[in-house]
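What follows is a set of notes on a single structure, which appears directly below.
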Amino acid sequence: MKKLTECVTDRRTTKRVLELEEAKLDKHLDHLDHLEEARTIFQKASQVTQSQLSKQVETIVSSALAAVFEEPYKFIVDFVSRRNTTECDLFFEKNGKRKSPLASCGYGAADIASLALRVAYWKLDGDSRNTLILDEPTRALSLDKHERASMMIQQLSRMEGGLQFLIVTHSKNLATYADKVFRVAKKNDISIVTEVEK
């Protein structure tokens with residue numbers, strides 16, 4: 001009789017332990033369901049954000065390319081998943097064909113896209129300062145495109161938000177469109193800075 005009572009008690013104890021473990025498992029499964037829902041929401045929010053970011057950056061860079069080139073490339077931002085992370089590929093597109101900006105499109109177009117990407121970053125980042133410092137931003141651009149690039153930079157400097165450009169250049173076209181021009185010359189290993197009258 002004692003063995004039977006112990007066996008029944010052990011069964012009741014085992015049953016109670018199983019019930020407690022099932023309750024814990026149910027709680028963890030509920031938590032897992034909430035985590036899955038949160039992950040789905042986060043993924044959808046990321047996709048919407050990436051789509052909006054792509055459109056804004058594509059518009060800014062494509063507009064800059066159109067301002068300088070007669071038959072411009074369209075700029076494409078493509079978010080892709082690789083190695084369990086999201087990466088961003090950048091392309092020039094013309095006639096439905098995509099090209100890497102540096103592969104075969106000429107460095108002049110890459111210079112303009114690079115400048116426009118900096119402007120796009122400035123517009124999207126609310127904490128950015130309102131000054132961009134550029135060193136020879138049109139160095140690879142053919143000379144016949146310098147005037148159009150200079151006009152585009154001037155228009156960018158007059159857009160809402162007051163973006164200012166400090167540009168180091170040898171391009172006379174850029175200097176012509178600048179609000180202020182300073183010449184730097186070396187004399188006895190000392191840099192002399194003078195304002196150029198316009």
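Here are the numbers:
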{"read-out": "Two-site label geometry, R129 and K24: point separation in nm, points 7 Å out along Cα→Cβ", "value": "5.7"}
{"read-out": "Relative intensity, log₁₀ I(q)/I(0), of region 69-178 from a Debye sum that treats every alpha carbon as a point, q = 0.11, 0.15, 0.24 Å⁻¹", "value": "-0.41, -0.74, -1.37"}
{"read-out": "GNM flexibility winner over the chain from H34, H170, H146 (Cα, springs under 10 Å)", "value": "H34"}
{"read-out": "Cα principal axis extents for region 129-198, largest first, Å", "value": "41, 30, 22"}
{"read-out": "Neighbourhood charge, 11 Å Cβ-Cβ cut-off, centred on N95 and excluding it, Lys, Arg +1 and Asp, Glu -1", "value": "+3"}
{"read-out": "Proximal aspartates and glutamates relative to K198, as straight alpha-carbon distance under 12 Å, when same-chain residues fewer than 8 apart are discounted", "value": "D179"}
{"read-out": "Hits among lysines - C-alpha to C-alpha of K27 under 23 Å, sequence gap 8 or more where chains match", "value": "K15"}
{"read-out": "Dimensionless Rg ratio for the chain, taking C-alpha atoms and the 2.2 N^0.38 Å reference", "value": "1.87"}
{"read-out": "Links that overshoot a 24 Å alpha carbon limit, given the list K99/K145; K74/K180; K55/K97; K55/K99", "value": "K74/K180"}
{"read-out": "Kyte-Doolittle mean at least -1.0 and Cα axial length at least 30 Å: DSSP H helices in the chain", "value": "2-68"}
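Read-outs throughout are calculated quantities, based only on the coordinates presented, and are distinct from any laboratory measurement. What you are looking at is a predicted structure, and each value in this text was computed from that prediction instead of being measured. Quick reminder, even Gly has a Cβ in these numbers, built from the backbone with ideal geometry, and neighbours come from all protein chains shown.
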